[in-house]
Amino acid sequence: MRIDEMTTDSFRQAVMDGATVILPMGATEAHGPHLPLGTDTFQPEYIAEEVAKINDKVLIAPTMPYGQHSSTKNMAGTIGISFDTLRSFVTDVLNSLVYDGVKKIVVISGHAGTSHMCAITEACRSVVEKKDVRIAFFSDYDIASKLIEIENDGHGGMVETSRIMDIRPDLVRSARPVGEYKSHGYIVLKDGSACFPEGMAGDTGKASQGFGKEINDYVVKAVSEIIRKDLS
């Protein structure tokens, strides 16, 4: 159940009954000519909703649709926030949930940029160190990669395209681009988009709704198990 659709009384009762809260962390970011800017938001939201269908003691917090970006920072449509803003936001939300009595929280990020993940990790750690709460944090791609690893596939690639074809097929364009992540070694770049000349990485020609569903189902089951085993 979505927290923003509940009343104060129903939320309080659910927390008293031992509810686990999932906080989906999204992003608004360029994903090439074929995928929507909300790709990194739609994926964790979908996972949260499907997990909640399996476990009636799961509540879904409103999604944060912005993240910290480097490689796509200067691409049209990317809306980013700073490392400190992201860390502070997540810290405040987690503290608020804990203040309300929540004891188990799962933070799922659809965006897996290094600085983005570090900011959220720091926020989760700061709360766990001071509060009586169990928090699990990961990108859904941490889990998806355990099912299958495709060489040279990454941001906006075959895996991500397939997942969005399953979740929001109406938003996937007909283009099936091929892109490459270009490393610049130890050089600190002024414009990180040089790493993504095509705005994505991978060969989307083999993307399919069926493959996307296989991955999404796998992630849903894995997250459900994390809640059942690791947060119990």
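Structure summary
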{"item": "Filter result (without any contact (Cβ under 8 Å) to a residue 40 or more places away in the chain and farther than 22 Å from GLY26 by Cβ) within the range 136-151", "result": "GLU149, GLU151"}
{"item": "From SER70, SER145, SER88, SER126, residue being within 28 Å of ARG228 (Cβ to Cβ), among the polar types (S, T, N, Q) and either open to solvent by 50 Å² or more (accessible area, probe 1.4 Å) or not in a helix (DSSP H, G or I) (or both)", "result": "SER145"}
{"item": "Subset of the range 202-227 (residues that are modelled with pLDDT under 95 and touching an Asp or Glu at 6+ places or on another chain (Cβ under 6 Å))", "result": "GLY202"}
{"item": "Subset tally (residues that are within 26 Å of ALA201 (Cα to Cα), open to solvent by less than 20 Å² (accessible area, probe 1.4 Å) and not in a helix (DSSP H, G or I)) for the range 32-63", "result": "4"}
{"item": "Residue within the range 187-195 that is among the charged types (D, E, K, R) and within 20 Å of PRO36 (Cα to Cα) present", "result": "no"}
{"item": "Tally, over the range 111-149, of residues that are among the aliphatic types (A, V, I, L, M) and more than 24 Å from THR78 (Cβ to Cβ)", "result": "8"}
{"item": "Tally of residues being polar (S, T, N, Q) and modelled with pLDDT of 95 or more across the range 55-79", "result": "4"}
{"item": "Single match in ILE120, ILE105, ILE135 (criterion: open to solvent by less than 20 Å² (accessible area, probe 1.4 Å), in contact with a Cys (Cβ under 9 Å, 6 or more places away or on another chain) and at pLDDT 95 or above)", "result": "ILE105"}
{"item": "Residue within the range 149-169 that is open to solvent by 60 Å² or more (accessible area, probe 1.4 Å) and outside any loop (DSSP other than H, G, I, E, B) present", "result": "yes"}
{"item": "Filtered residues of the range 12-31 (kept if surrounded by fewer than 23 Cβ atoms within 10 Å (Cβ to Cβ) and either in contact with a helix residue (DSSP H, G or I) (Cβ under 6 Å, 6 or more places away or on another chain) or within 21 Å of LYS213 (Cβ to Cβ) (or both))", "result": "GLY26"}
{"item": "From ALA194, ALA222, ALA207, residue being surrounded by 13 or more Cβ atoms within 10 Å (Cβ to Cβ), under 18 Å from the mean Cα position of the chain (by Cα) and among the small types (Gly, Ala, Ser)", "result": "ALA222"}
{"item": "Hits in the range 172-189 (condition: touching a residue at least 40 places away in the same chain (Cβ under 8 Å), open to solvent by 90 Å² or more (accessible area, probe 1.4 Å) and not charged (D, E, K, R))", "result": "SER174"}
{"item": "First in the range 206-229 and closer than 29 Å to ARG173 by Cβ and touching a residue at least 60 places away in the same chain (Cβ under 8 Å), second anywhere and assigned to a helix (DSSP H, G or I) and among the aromatic types (Phe, Trp, Tyr), Cβ under 7 Å, 6 or more apart", "result": "ASN216/TYR46"}
{"item": "All positions within the range 87-125 that are out of contact with any helix residue (DSSP H, G or I) (no Cβ under 7 Å at 6 or more places or on another chain) and of a type in the set (Gly, Ala, Ser)", "result": "SER88, SER96, GLY113"}
{"item": "Conditions (1) in contact with a His (Cβ under 7 Å, 6 or more places away or on another chain); (2) under 22 Å from ASN216 (Cβ atoms): number failed by ALA194", "result": "(2)"}
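The values are calculated or read from the model by the stated rules, or taken from the named source; none is laboratory data. Everything quoted here is computed from the prediction, not taken from an experiment. When we count neighbours, we look across all protein chains shown, and the Cβ atoms used for this are built from the backbone with ideal geometry, even at glycine. For accessibility, only protein heavy atoms count, side chains too; no ligands or nucleic acids. Shrake-Rupley method; radii C 1.70, N 1.55, O 1.52, S 1.80 Å.
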